[in-house]
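The values are calculated or read from the model by the stated rules, or taken from the named source; none is laboratory data. What you are looking at is a predicted structure, and each value in this text was computed from that prediction instead of being measured. All Cβ positions, glycine included, derive from the backbone under ideal geometry; neighbour counts span all protein chains shown.
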Amino acid sequence: MNLKSKVFLMASMLAILSIGVIPVEISAQTNKITVTPINEEISLEKTVTTMNVPEDNKFTWGFVKGGPSEYVERYPVIIQFYSNDDPVHFAQVDVKGDGSYEYKFRVRNLDSNTGEFVNIFQGDYVVKIFRVIPNTNDLV
């Protein structure tokens, strides 16, 4: 097996392992989607969802993703996390060519000084996702 094949095999194994650490215990539920026209061509879609990270979470990563759909080029997706109405974390993610997006974030971290894991996210959160979409409202 040549070096190129070995590197590809190692990268494939790491990709499979990284998929395994995506938290399945973290739950989310979409509560509300609103669309607000900005002008004649575009609208702002706001999705509000809840996220729960259990206290005994053992996974390192969480993610927010949206499936393929209509989108407007050059407008990123904005993701905001709130705990008890207090802002906790904000992110900006580019939209892929098919209209999908994904944001991966740390839920848990290893403290290099103590060697213990620290939960970055724990408990209930409100997650707001903003994306620009083509305007479908005939009234504007």
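Observations, loosely collected:
- The residue that is surrounded by the most Cβ atoms within 10 Å (Cβ to Cβ), among those in the range 124-140 that are at pLDDT 90 or above and either more than 17 Å from the chain's Cα centre (by Cα) or aromatic (Phe, Trp, Tyr) (or both), is 125.
- Identity of the residue in the range 57-78, at pLDDT 90 or above and among the basic types (Lys, Arg), that ends up surrounded by the most Cβ atoms within 10 Å (Cβ to Cβ): 65
- The residues listed here are 121, 81, 90, 105; of these, the one that is surrounded by 11 or more Cβ atoms within 10 Å (Cβ to Cβ), hydrophobic (A, V, I, L, M, F, W, C) and outside any strand (DSSP E or B) is 121.
- Any hit, the range 99-110, residues being of a type in the set (A, V, I, L, M), within 24 Å of residue 59 (Cα to Cα) and out of contact with any helix residue (DSSP H, G or I) (no Cβ under 7 Å at 6 or more places or on another chain): yes
The rows are residues; the columns are (1) at pLDDT 90 or above; (2) on the phi > 0 side of the Ramachandran plot; (3) in a strand (DSSP E or B); (4) within 18 Å of the chain's Cα centre (by Cα).
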| position | (1), (2), (3), (4) |
| --- | --- |
| 8 | no, no, no, no |
| 18 | no, no, no, yes |
| 32 | yes, no, yes, yes |
| 39 | yes, no, no, no |
| 55 | no, no, no, no |
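- The listed residue being without any contact (Cβ under 8 Å) to a residue 12 or more places away in the chain, assigned to a loop (DSSP other than H, G, I, E, B) and hydroxyl-bearing (Ser, Thr, Tyr), out of 114, 136: 114
- Restricting the range 57-85 to residues that are polar (S, T, N, Q) and within 21 Å of residue 123 (Cβ to Cβ), the residue that is farthest from the chain's Cα centre (by Cα): 84
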